[in-house]
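The values are calculated or read from the model by the stated rules, or taken from the named source; none is laboratory data. Please read these numbers as outputs of a predicted model, since none were measured by experiment. Every residue, glycine as well, gets a Cβ built from its backbone with ideal geometry; the counts of neighbours run over all protein chains shown. Surface accessibility is based on the protein's heavy atoms, side chains included, excluding ligands, DNA and RNA. Shrake-Rupley method; radii C 1.70, N 1.55, O 1.52, S 1.80 Å.
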Amino acid sequence: MKNIKIQYLLSFFAMAFVLLGGISSCNNDDSANGGSGNPSITSVALSEEGDLVPVTVGDPKNYYIIRGTGLATVSKIYFNDFDTYFNPVLVTDTAIFVLIDEKTPYANSSNKLKVVTKFGTILYDFEIAPPTPRFGSYNPINAAEGDIVTVYGDYFLKPVVKVGTVDVPVISSSLTELTFKMPANAANKYVTVTNISGSATSKEAVGTALFDDVWYNDWFYDGGDDKVSLESSGAVQGKVMVKSINDGWGGNRFRNKDWGTLDMANYSGIRLSIKGEKAGKVAIILNGHWTDPDAKVIDVTTEWKEYNLPWSSWPFAVSSLQDIVLKDFTGNKSTYYLDNIGFILK
């Protein structure tokens, strides 16, 4: 493994010397006298074999070639005012080979490359790309047209939002949170957030939630208040989760208030996130099929775990849904937390 890494680095730096050599050969006279003065930057390009294509945005942890004149006496390089290391061996009067440090800031920054030389300082417009967005969750999932939706995640720098294929104006944004207004005809569409580095899409489609901070479709907990409650911190989706206290082998039931059923024709299964105060097992019982062979048993840990369960997880057809029972399957009194309960589109 070590030999492979060494060979890779040798070939990588060999390529750098070739690139730098090719650039500097056109200006041998300037290189020979140790600098031409009057420094300037003409372009920045990703360091790769082939033609060097100028770019105005750089990705951290990648090597770039700064091209210009009067660069031989460089003493400092800054990307967004972040002091960036460079190897003096990889410098000519017309080019600098440099790695953009992964710690380089990208938000609320100058968007400038600054090169300090003996004969002057150069400022050059250059933006540092953030990582690809991380889409954590959005709330409410069942937003109607005109509702304000909040997306939680990370790297929302100059974000662009789509619901399905429709561009949606961003109302407000920070690096970790943004809001937008749900457009018309959004049901069963996914939400996508894009920055200059890439895109991230929600796992859940609009309108597919059964519980997302609140119960939908007139569902509720069918039992005493001492067994189930809503907790306003620690949720994995939105800001509220369900706390379920289960006696050993005991179950807590959730259903429509009028025992109405939900049509499952558009859905291939059910999703939920679950964790416990201690590791355990839970049986998920649908539509009153209480016998153990009819239940789907899942493992629970002390960390959130997401389950996407197709209807084939149960040994009977599921064409509609009337109730869900969460049953302890350890024989001990246990506390479980549920969130992001909903349906998977076909």
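Any idea how far apart Val166 and Lys112 come out in nm if each label point goes 7 Å out from Cα toward Cβ?
Between Val166 and Lys112, the label points sit 4.3 nm apart.
Ratio of segment 100-228's C-alpha Rg to 2.2 N^0.38 Å, to two decimals?
Dividing the Cα Rg of segment 100-228 by 2.2 N^0.38 Å gives 1.45.
Determine the dipole magnitude for the chain: charges of +1 sit on the beta-carbon of Lys and Arg, -1 on that of Asp and Glu, nothing else is charged, the reference point is the Cα centre, and the result goes in debye to the nearest 20.
400
Under the rule a/c < 1.5 gives rounded, and otherwise a/b versus b/c splits prolate from oblate, where does segment 92-142 land using the Cα gyration tensor?
prolate
If I fit a long axis through the Cα atoms of helix 2-24 and take the longest principal axis of the Cα atoms of the chain, what angle between them do I get, 0 to 90°, rounded to 10?
With both axes taken from Cα atoms, the answer is about 50 degrees.
For segment 254-346, which GluC sites (Glu not before Pro) pass both filters: DSSP loop (anything but H, G, I, E, B) and at most 14 other C-beta atoms within 10 Å?
Glu277, Glu303
Add -39500 (n - 2.57) for each DSSP H run of 4 or more in the chain, then divide by its residues: what number comes out at 222 nm, to the nearest 500 deg cm²/dmol?
Only helices count here, giving -2500 deg cm²/dmol.
In what order, largest first, do Asp93, Asp101, Asp51 sit by accessible area if the probe radius is 1.4 Å?
Asp51, Asp101, Asp93
Based on Cβ point charges of +1 for Lys and Arg and -1 for Asp and Glu, what charge dipole magnitude is obtained for segment 246-346 about its Cα centre, in debye rounded to the nearest 20?
60
Would you mind getting the accessible area per residue of the chain, heavy atoms of the protein chains only, 1.4 Å probe, in Å²?
For the chain, the per-residue accessible area is 49 Å².
Would you please name the GluC sites (Glu not before Pro) within segment 123-212 that are DSSP coil residues with at most 13 other C-beta atoms within 10 Å of their C-beta?
Of the GluC sites (Glu not before Pro), the ones in loops of segment 123-212 whose Cβ has at most 13 other Cβ atoms within 10 Å are Glu145.
For a quick check of your reading of the filter: which trypsin sites (Lys or Arg not before Pro) in segment 272-330 sit in a DSSP loop and have no more than 13 other Cβ atoms within 10 Å?
Sites meeting the loop and neighbour criteria: Lys278.
Hey, can you grab everything whose amide H is under 5 Å from the amide H of Gly136? Only 5+ residues off in sequence or another chain; H modelled, so Pro and N-termini drop out.
For Gly136, whose amide H was placed from the backbone, the distant partners under 5 Å are Tyr152, Gly153, Asp154.
Whenever you get a sec, line up Ser232, Ser172, Ser244 from highest to lowest accessible area (probe 1.4 Å, protein heavy atoms).
Result, largest first: Ser232, Ser172, Ser244.
With the contact rule set at Cα under 8 Å and sequence spacing of 6 or more, what percent relative contact order holds for the chain?
Reported as a whole number, the value is 12 percent.
I'd like the accessible area for Trp249: 1.4 Å probe, protein heavy atoms, all chains in place, Å² to the nearest 10.
Rounded to the nearest 10, that gives 140 Å².
Does segment 272-346 come out rounded, prolate or oblate by the C-alpha gyration tensor, with a ≥ b ≥ c the root eigenvalues, rounded set by a/c under 1.5 and, if not, prolate when a/b is larger than b/c and oblate if not?
Taking the square roots of the gyration eigenvalues as a ≥ b ≥ c, segment 272-346 is oblate.
Rounded to whole Å and sorted largest first, list the principal axis extents of the Cα atoms in segment 188-346.
52, 33, 27
Restricting to bridges with both residues inside segment 45-174, how much of the DSSP beta-bridge set is antiparallel, in percent to the nearest 5?
Percentage antiparallel, nearest 5: 95.
Taking K and R as +1 and D and E as -1, what net charge do the other residues with C-beta under 11 Å from the C-beta of Lys203 add up to?
-1
What is the sum of charges around Glu177, taking Lys and Arg as +1, Asp and Glu as -1, for the other residues whose C-beta is under 15 Å from the C-beta of Glu177?
Neighbourhood net charge equals +2.
If only Cα atoms are counted, what is the Rg of the chain, and what is its Dmax, in Å?
Cα only, the chain: 28.6, 89 Å (Rg, Dmax).
Leu262 versus Ser229, label points 7 Å from Cα toward the beta carbon: distance in nm?
Distance between label points: 2.5 nm.
Over the chain, with a Gaussian network built from C-alpha contacts below 10 Å, which listed residue (Ser174, Ser75, Ser137) shows the highest mean-square fluctuation?
Maximum among the listed residues: Ser75.
Which one, Pro140, Pro105, Pro315, has the greatest fluctuation when you compute a Gaussian network model over the chain with C-alpha springs under 10 angstrom?
The residue that fluctuates most here is Pro315.
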